[in-house]
Amino acid sequence: MKLYCLSGHPTLPCNVLKFKSTTIMLDCGLDMTSTLSFLPLPLVQSPRLSNLPGWSLKDGNAFLDKELKECSGHVFVDSVPEFCLPETELIDLSTVDVILISNYHCMMALPYITEHTGFTGTVYATEPTVQIGRLLMEELVNFIERVPKAQSASLWKNKDVQRLLPAPLKDAVEVSTWRRCYTMQEVNSALSKIQLVGYSQKIELFGAVQVTPLSSGYALGSSNWIIQSHYEKVSYVSGSSLLTTHPQPSRHCHEMLSNPEPGESQEKPRDESQPWRNKARHPHRNRGQKQTDPRSKGPAGTSHMTYQLTELFQTHERSLNEPMDQASLKNSDVLILTGLTQIPTANPDGMVGEFCSNLALTVRNGGNVLVPCYPSGVIYDLLECLYQYIDSAGLSSVPFYFISPVANSSLEFSQIFAEWLCHNKQSKVYLPEPPFPHAELIQTNKLKHYPSIHGDFSNDFRQPCVVFTGHPSLRFGDVVHFMELWGKSSLNTVIFTEPDFSYLEALAPYQPLAMKCIYCPIDTRLNFIQVSKLLKEVQPLHVVCPEQYTQPPPAQSHRMDLMIDCQPPAMSYRRAEVLALPFKRRYEKIEIMPELADSLVPMEIKPGISLATVSAVLHTKDNKHVLQPPPRPTQPTSGKKRKRVSDDVPDCKVLKPLLSGSIPVEQFVQTLEKHGFNDIKVEDTAKGHIVLLQEAETLIQIEEDSTHIICDNDEMLRVRLRDLVLKFLQKF
Amino acid sequence: MPEIRVTPLGAGQDVGRSCILVSIAGKNIMLDCGMHMGFNDDRRFPDFSYITQNGRLTDFLDCVIISHFHLDHCGALPYLSEMVGYDGPIYMTHPTQAICPILLEDYRKLAVDRKGEANFFTSQMVKDCMKKVVAVHLHQTVQVDDELEIKAYYAGHVLGAAMFQIRVGSESVVYTGDYNMTPDRHLGSALACPPLSRAAWIDKCRPNLLITESTYATTIRDSKRCRERDFLKKVHEAVERGGKVLIPVFALGRAQELCILLETFWERMDLKAPIYFSTGLTEKANHYYKLFITWTNQKIRKTFVQRNMFEFKHIKAFDRAFADNPGPMVVFATPGMLHAGQSLQIFRKWAGNEKNMVIMPGYCVQGTVGHKILSGQRKLEMEGRQLEVKMQVEYMSFSAHADAKGIMQLARQAEPDNVLLVHGEAKKMEFLKQKMEQELRVSCFMPANGETVTLPTSPSIPVGISLGLLKREMAQGLLPDAKRPRLLHGTLVMKDSTFRLVSSEQALKELGLAEHQLRFTCRVHLHDARKEQETVMRVYSHLKSILKDRCVQHLPDGSVTVESVLVQTTTPSEDPSTKVLLVSWTYQDEELGSYLTSLLKKGLPQAPS
C-alpha cells in the first residue's frame, strides 16, 4: 500500500492511495497562495496600480520590468494570477480510479485533474460539497475572466532568473507548474464526473474496496472517508471540527481550546512598526475563565457585549453542521490526518467577538467595514451572529452588502440542506422555517446581495456600510475595488476572517495603507489538543500527516504543544513524496457456499479451536471469491466403447489433507490384531519401531512424525493398513 | 434452515393500513405502520396482538421502518409506540420526519375533535412517538445493530418517500413502500441513476425478497403527457362553461404537481378564473417542498435560485365562504378520497349542479365517498340525507404509483430471488403474480393479512482466507477448467467466532503441531532379464508415453519420478531375471501412486525392436 503525496499544503491536500487493486485520490486541493505573488486585478482602472514602477536587478538590468512591479519594497508579478497545482508527474493520473472529496475547499483543483490528465474515473462527494464547490469555482472563474489581462508573464519563472529575485518570489515553489484559472466549461465537465453520496453510504469499488464518507463537522456536507476492505482499514481525516460535537463535552473542549497564555497573541504582526498594524485590537482572551462561569462578567476591559456574543457564537458554531462521526474511525490500521486548524493559537469564539466589536466601533465612527471572504462557509456564521447583534448594537440602519457573482445562490443554497445541518437547525426546517436567519435579514432589507459592484449596487450604495466580498487573497474580485476605495482613510477597517492567506502578504500591494486592519481568523478545524484527544480515542495503528504537523510552527518553535504527539510517531510526508504505508495484508474475504459448508466436518483440536479440512472449487469474479463444493466424480460413461489408458490417469489435483499426530505402537498392534493380522513382530529402532507382518511380507516403520508402509503390490492390503494408520492421525 | 418470514398485518391483498412484519436471520422488522381509511373501528389499525399478546413490542421488534408520510403508512405509529408500547428505533427520511407529525396531528384532530372518538392517541403521544424517530439519509447504510443494516433509496411518490433495503449478512429484503417509475413535474422517479439527477433508483442489489406495492398491478398507463393534457382540457372546459371544479387531493404530493401544472397553464392561457387551495396545511406543505428541494426533480432543483416552483402566483388560499361565490373556480381541497373534511363539504355543496365537476386524481379506498362516485354511484346517503350527484365525475390517475410496467421494471432492476405483493387488490395481484412468474421466473407471493410466507434461504458463510493461500491458488490461473476443476485445499480454523481458511501447513504451524508423513512403498515384480538400466529406460518411456501431461523424469541416480512419486528399480540377487520396482509415494499423492503401481503391474510393453 502506497501513498503518493501530490500537495505539500496541509489544509489543501491531494494524495493518492494505492490500496489493493484500486487507486484512490484523496482530495484535490488547489494552493491559491501563489496568487499573493501577483498584482491585484482591479475592476476599475487603477492609476496607482498601473503606475507602479518596474523592477530591475541590482545591476540595473531592467529586462524584467514589464513583468515585475515594485510596491512599497515588495515585488509583484504583473500578470494573470496563477495557481499552484498538485503534482501531476509523480503518478500517472489517468490510472486514478476514484477521487474522494472531503469538503468544498478541497476540490478546487478538480478541473485540472479531471480534464487534463486522461482521468476517466468517478469523483465522489456529498451534495452540499458539490453545490457549494461549484459556487466557489464559479466565483473564481468569474473574478478572473471579467477582468481580462493581456499579459501572461513567464520570463521570471526561468530558474536562473527566479533565483535572482527578492523573497518571497525567489522561494516560490514549482513555479513552472503554476497554471492559469480554468474555464467554466472545464468546471462543468469536471463536476459532471461527480457522483453524489450521503454520509455513511457504503460505496463498493470493484468489489475490492469499500469507501464511506462520514460527517466531519467542519462545513456543510464535509466528510472524512473510510477506505476499507474486510481486513484492512484506512481512515482519511480532512478538515474536521469538534466544535459541533455533543453539547455536553464541548464546554470542556472550549476550555481546552482557549489560549493557554492569556493576553499573548501569537498572531500579532511581528513588526510593531508597520504602519498598518492594527491599533484597534482588543484581544479578549481569558476564555477559560469565562467559560467556567458563564454568569460572571468577563475580566476588566472585556465588554459585556463581546462576552454575550462569544456565548452566542459558541452555541451557533456547535450547531451548524451534523457533528463529526468519531466512532466510525476506530480500529484503523492507518489514519491519514490533514486539514487541521491553520491558526492553532486562536479561539474561534474570541475571534467572532473581536469581529463584532471592531465592526461596531468602525461603523459608529462613520467608517466602512470590509470583510474579504469566500461566498460560503464562515459568512453564514458571521451573518447569524450579526443577525442577533445588530439591533442591540444600534446597527440596524447600517446596510450590509454581500457582493459576489454567486451571493444569491449561496444564500439560497444554504437554506435547502436541512439534512446536513445539526439538530437545532433541522428542527427549524421541520416547523417549517428557513434554517439560517439571513433569510430574515434579506426580507427586512438589512442584508442586500449583488452579483458585482456594477449595476444595481452603485445605485443602492450607502456609506457607512459593511461589505462582505471576495476574494480573501485580495488579488481579484470586488474586494480589490473596495481596498482601493477605502484604503486611504483611517476611518475604515478591513477585517480578515478567512485563515487561508497571510493578511500581511495579502495587504502588501496596497501599501501604504491608512485603513485599519483587523485579523480575526476563524478556523474551526481541529487543533492539536483536540487531535491528541481524537487519536487517543480512535487508536489508529499508524498516523500519517503532512510534515508541518510533526514539528512546531517555524515562528513558534518553542511551542512543542503545537504538533502531533502520538505513539508510534506519525509518519510525515511532503510534496512529491511516496510513502510505503506500514501494514501487511494477511487475509481476504471468501464466501463458502452453503452446500459446501454443510459438507464440512469440524473437529475440535484444542478447547475452543475447531478445524475442518476444505477441498473446494475457487471462483473469483469482480474481486469476490467464492468456494463451491467440488464436482461429484463423474461415473465412467458406459456408452464409451474403447477406453484409452490415459482416461484412467487420476486427477492429482484432488489433494489429500496433511496429517498430524503420532501412532502409539502398542495400540496400533492391538488394532492390527483385531483386524486379523496374527503374525506381528515388533522391533525397536533408534527412532521408533518397525512392525513386521511376516506372512504378508509387509513392514511398517513407525516414527514420531512419520509412518512408512512397505508392502508388496497388494492394493487391498495397502488400503486396509492405510485406514488403520489414519485412525490414529488427524487430518488437516 | 435459515429462512425469511413475512406476515402482512395490513396491506395484504388490500390497500390501506400498510404494516408488514419481516423476520430475517433472527431479526424482526416492521415495515410501515399505517391506518385504514375505509374503517372507523378497530380494523382501522393493524392488529399488533399478533406480535405479542402481553408484553411490550420492544422485546419483539428490532426496528420499525416508515416508507413515507401518507397516513396509510404511518397513521398507527403513535398507537403502536405510545399505546401498545414500543420504544425501539423508528426509521424514516428527514422530510417524512418533518411532515409525518403534522399529518398525524391533523388526523387526530379529525378523529377526536370532530368525530368525538375516545381512546385515541393524544397530541402528546404524537410528540413522544416522534422522539423515537431516527432520520436517515438516502443511500446511508444505517447500522441498526451489529448485524442488521438498512438503506434508503429514492422512491418518488411523495416528498421524502423511500424504498428500504434490509440486510443481515448476505440475506436481504427490499421493501418499496409506494413508488413511481415515471418522473413527476415536481419529484424525480424511482428510476434513473443517482449522479446529479438525484432521482434515485435501486441498484442491482439482488435481494432474497422484493416486497412491492401493487396498487396499479393491472394498469398500464398511457403517457403522462396525455393525461396532463386531458386533465387541463377538462378543467378548462368546465371553467369556460362557468362551472366549479373540485379536485380532492392530499395536502402533500399530487397537489403540488397539479398546482405546478395549472399554474403554468393559467399563465400560458392567461386565464382569470381563480384557483384556490384549501388552507392551512397546504401553504406549509409548499414550504416544506421549498426547504427540501433537494428531494425534488432535477429541473426544479436547477432553477430554484431564479424561481422557486413552489411559489405560486395564480393559486391562492381558500376560504370556506368562497365556495358559495358565483362564477367559475378551481379548488384543491383535502382530503383526497372525499371521506371527510373540506373536500367533502365542498363536494356536498357543488354536487347538485351539472355544470360543476369533480376530478379524482388518485386512488380511492373502498368505503369512501370517492370510491362510491367513481364506481358510478350517483345517489349517496349522507348524514341521513339523500344527495344526488349531478356534477361531472372524472377520474384521472395522477396518483404516483408505479403501474404494471413500472413494477416489472423495478423488479428487473433489483433482480430479486422472490417477489411478494402487498398494497393492492387480490384480483389485480393475481395478474401481476403470473406476469412476474412468467417473465422474471421468480416465485411470487401475495399473502393476505395475517398469513405468513416463509422462504428458506441458504446464506453463504463469509470467512477470511489467508492471502498466501489465495494468491497461490490464483497464480495457477483464474479461469476454472470445466473438465478438470482445480481444487483449493485448506483448513478452516474456527476459533471463537472467527473463521479463517489457511493452508494446511499454516494451520499445523499455528497450532504448534508437526506434520506426520505417511509414506507407502510397493514392490512390483517384473519379469525382465535385461539390464537394470534398460529396464529403467523402459519404465521411463512407458510412463512418459502414458502420462503425457505429467512431469516424468529420469534422474541420474537411476530412479524415475512421476511428479513426486518415486520409482526405483532393483534386481534381486536371488533372481536376476526379475526386477523389482519400488514405487514410493506419500499419502498426499495416493491416487497417483496407487495408479502407477497398478499400471506397472500390468507389465511393460514390448520394447520396439
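The values are calculated or read from the model by the stated rules, or taken from the named source; none is laboratory data. Everything numeric in this text was worked out from a predicted model, so none of it was measured. For neighbour counting, all protein chains shown are included, and Cβ atoms are generated from backbone atoms with ideal geometry for every residue, glycine included. SASA here: full protein model, heavy atoms, side chains in, ligands and nucleic acids out. Shrake-Rupley method; radii C 1.70, N 1.55, O 1.52, S 1.80 Å.
Yes or no, residue by residue, for (1) open to solvent by less than 40 Å² (accessible area, probe 1.4 Å); (2) closer than 19 Å to A:Gly339 by Cα; (3) at pLDDT below 90:
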| position | (1), (2), (3) |
| --- | --- |
| A:Gly221 | yes, yes, no |
| A:Gln228 | no, no, no |
| A:Val237 | yes, yes, no |
| A:Ser265 | yes, no, yes |
| A:Trp276 | yes, no, yes |
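State whether one or more residues within the range A:65-74 are under 23 Å from A:Leu41 (Cα atoms), away from chain B (no Cβ under 14 Å), touching a residue at least 40 places away in the same chain (Cβ under 8 Å) and among the basic types (Lys, Arg). The answer is yes, given that some residue of the range A:65-74 is under 23 Å from A:Leu41 (Cα atoms), away from chain B (no Cβ under 14 Å), touching a residue at least 40 places away in the same chain (Cβ under 8 Å) and among the basic types (Lys, Arg).
Condition check: on the phi < 0 side of the Ramachandran plot, of a type in the set (Asp, Glu) and either at pLDDT below 90 or in contact with a Cys (Cβ under 9 Å, 6 or more places away or on another chain) (or both). Does A:Glu703 satisfy that? Spelling it out, it is not the case that A:Glu703 is on the phi < 0 side of the Ramachandran plot, of a type in the set (Asp, Glu) and either at pLDDT below 90 or in contact with a Cys (Cβ under 9 Å, 6 or more places away or on another chain) (or both). Considering the range A:550-605, the residues that are among the β-branched types (Val, Ile, Thr) and in a loop (DSSP other than H, G, I, E, B) include one that is modelled with the highest pLDDT, namely A:Ile564. Screening the range A:606-620 for residues that are facing chain B (nearest Cβ under 9 Å) and open to solvent by 40 Å² or more (accessible area, probe 1.4 Å) and picking the one that is nearest to A:Glu232 (Cα to Cα) gives A:Thr620. The residues of the range A:21-53 include none that are more than 30 Å from A:Val187 (Cβ to Cβ), modelled with pLDDT under 90 and touching a Lys or Arg at 6+ places or on another chain (Cβ under 8 Å).
Yes/no per residue for (1) of a type in the set (Val, Ile, Thr); (2) farther than 23 Å from A:Asp78 by Cα:
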| residue | (1), (2) |
| --- | --- |
| A:Phe482 | no, no |
| A:Ala506 | no, no |
| A:Ile518 | yes, yes |
| A:Thr524 | yes, yes |
| A:Ile529 | yes, yes |
| A:Leu535 | no, yes |
| A:Gln548 | no, yes |
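The set of residues in the range B:285-308 that are away from every other protein chain (no Cβ under 13 Å) and either touching a helix residue (DSSP H, G or I) at 6+ places or on another chain (Cβ under 7 Å) or not in a loop (DSSP other than H, G, I, E, B) (or both) contains only B:Lys299.
Comparison of A:Gly217, A:Gly198 shows that the only residue that is of a type in the set (Gly, Ala, Ser), facing chain B (nearest Cβ under 10 Å) and under 17 Å from the mean Cα position of the chain (by Cα) is A:Gly198. Filtering the range B:266-304 to residues that are surrounded by fewer than 19 Cβ atoms within 10 Å (Cβ to Cβ) and more than 26 Å from B:Thr96 (Cβ to Cβ) leaves B:Glu267, B:Arg268, B:Met269, B:Asp270, B:Leu271, B:Lys272, B:Pro274. Residues in the range B:541-597 that are within 59 Å of the chain's Cα centre (by Cα), among the β-branched types (Val, Ile, Thr) and surrounded by 20 or more Cβ atoms within 10 Å (Cβ to Cβ): 3 in all.
This table checks each residue for (1) out of contact with any Ser or Thr (no Cβ under 8 Å at 6 or more places or on another chain); (2) outside any loop (DSSP other than H, G, I, E, B); (3) at positive phi; (4) modelled with pLDDT of 95 or more.
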residue: B:Phe431; (1), (2), (3), (4): no, yes, no, no
residue: B:Lys435; (1), (2), (3), (4): yes, yes, no, no
residue: B:Gly464; (1), (2), (3), (4): no, yes, no, no
residue: B:Leu469; (1), (2), (3), (4): no, yes, no, no
residue: B:Met474; (1), (2), (3), (4): no, yes, no, no
residue: B:Leu479; (1), (2), (3), (4): yes, no, no, no
residue: B:Pro485; (1), (2), (3), (4): yes, no, no, no
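Determine whether the range B:313-324 contains at least one residue that is of a type in the set (A, V, I, L, M) and within 14 Å of chain A (Cβ to nearest Cβ). No, every residue in the range B:313-324 fails to be of a type in the set (A, V, I, L, M) and within 14 Å of chain A (Cβ to nearest Cβ). Any residue at all in the range A:461-472 that is over 23 Å from A:Cys385 (Cβ atoms), in contact (Cβ under 8 Å) with a residue 12 or more places away in the chain and under 32 Å from the mean Cα position of the chain (by Cα)? No, the conditions are met nowhere in the range A:461-472.
Looking across A:Leu441, A:Leu447, A:Leu474, one residue alone is within 27 Å of A:Tyr519 (Cα to Cα), in contact with a Pro (Cβ under 7 Å, 6 or more places away or on another chain) and among the aliphatic types (A, V, I, L, M). It is A:Leu474. Is it fair to say A:Ala686 is within 12 Å of another protein chain (Cβ to nearest Cβ) and in a loop (DSSP other than H, G, I, E, B)? No. In the range A:433-475, the qualifying residues are those that are in a strand (DSSP E or B) and of a type outside the set (D, E, K, R), and the one that is most open to solvent (accessible area, probe 1.4 Å) is A:His449. If you check A:Glu440, A:Glu433, which single one turns out to be under 30 Å from B:Glu105 (Cβ atoms), of a type in the set (Asp, Glu) and modelled with pLDDT under 90? Just a single option satisfies the conditions, and that option is A:Glu433. Restricting the search to strands (runs of 3 or more DSSP E) fully inside the range A:38-103 and requiring at least 3 residues that are loosely packed, with under 15 Cβ neighbours inside 10 Å and over 30 Å from the mean Cα position of the chain (by Cα) gives an empty result.
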